[in-house]
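Take a look at the structure below.
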Amino acid sequence: DAKTTQPPSMDCAEGRAANLPCNHSTISGNEYVYWYRQIHSQGPQYIIHGLKNNETNEMASLIITEDRKSSTLILPHATLRDTAVYYCIVGLTIGAPAGKSTFGDGTTLTVKP
Amino acid sequence: DSGVTQTPKHLITATGQRVTLRCSPRSGDLSVYWYQQSLDQGLQFLIQYYNGEERAKGNILERFSAQQFPDLHSELNLSSLELGDSALYFCASTGSNTGELFFGEGSRLTVL
């Protein structure tokens, strides 16, 4: 699986958009980009995933660059409850998807009042 | 609630001992994954089972073993425990090809 690089920490004001970047320059053509988050020491929670096109769901939007070497997770209106570690990982969907990947260190997002 | 159940939530034991962690996946999910999360490390993939068979192995120590039973629940066995085995152990399951993993709340193991 391709490796990802994320900033170790970011701050965001409550109510503002949080934009979390991820670099995955070695991603292969059939690998998806997944985002998960972990609040305190709870089990990680799936957020969103995508292949080429931008994706949006009730939690977030995922913007993938045309060359697929980087992506940005957008939380449109961050709340204090969005404070968490956000993981960007890449992997295949068939068989063993992102599950085989080590989640890495992720980005610690702190939403401030 | 992800639908994945892990027991026990907390476990304190001594070095050299053996423990078993249990995971019940979401109803119908055939794949179960085990992860270890130590204080100074991220989530490390240990092992995956699919419908009772081992499918993939990660950084799992020889002292650790796992299995998945016919009813699809899984157990992670940790033996000859060392202080460094103290960690959160997560189980995750999936039943689709979409890549979405559903994680349990973890079992916190403390080895004294």
Could you give each residue of segment A:62-73 its phi-based ³J(HN,Hα) in whole Hz, using Karplus coefficients 6.51, -1.76, 1.60 with θ = phi - 60°, and x for Gly or Pro? 10, 10, 10, 5, 4, 7, 6, 8, 8, 8, 9, 8
Show me the trypsin sites (Lys or Arg not before Pro) within segment B:1-41 that DSSP assigns to loop and that have at most 11 other Cβ atoms within 10 Å of their Cβ. B:LYS9, B:ARG18
Once you keep just the Cα pairs under 8 angstrom separated by 6 or more residues, what percentage relative contact order results for segment B:1-42? 43
Other residues with Cβ under 11 Å from the Cβ of B:THR5 give, with Lys and Arg +1 and Asp and Glu -1, a net charge of +1
With the 8 Å Cα cutoff and a minimum separation of six or more residues, segment A:1-92 has a relative contact order in percent of 38
Total charge of the residues flanking B:PHE102 in space, meaning their Cβ is under 12 Å from its Cβ, with Lys and Arg +1 and Asp and Glu -1, is -3
What is the sum of charges around B:LEU61, taking Lys and Arg as +1, Asp and Glu as -1, for the other residues whose C-beta is under 10 Å from the C-beta of B:LEU61? -2
Name the residues whose placed amide hydrogens come within less than 5 Å of the amide hydrogen of A:MET59, ignoring near sequence neighbours (fewer than 5 apart) on the same chain. none
In whole Hz and in residue order, list the ³J(HN,Hα) couplings for segment A:30-35 that follow from phi through the Karplus curve 6.51 cos²θ - 1.76 cosθ + 1.60, θ = phi - 60°; x for Gly and Pro. 10, 8, 8, 9, 10, 10
So, in the protein assembly as shown, how many Lys pairs have Cα atoms under 13 Å apart, if the pair is 8 or more places apart or on different chains? 4
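How would you rank A:HIS49, B:HIS10, going from fewest to most other Cβ atoms within 10 Å of each one's own Cβ?
Listed from fewest to most nearby Cβ atoms, that is B:HIS10, A:HIS49.
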In nanometres, the difference between 0.36 nm per residue of separation and the alpha-carbon distance of A:ILE63 and A:ARG16 is 15.2 nm
Where in chain A is the longest stretch that carries no GluC sites (Glu not before Pro) classed as loop by DSSP and with at most 11 other Cβ atoms within 10 Å? A:1-57
With labels modelled as points extended 7 Å from the Cα through the Cβ direction, what inter-label distance (nm, one decimal) is found for B:THR20 paired with B:SER79? 1.3
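Only the coordinates and a few stated rules stand behind these numbers; no lab work does. As the structure is a prediction and not an experimental result, all values here were calculated from the model. We place every Cβ from the backbone using ideal geometry, glycine too, and count neighbours over all the protein chains shown.
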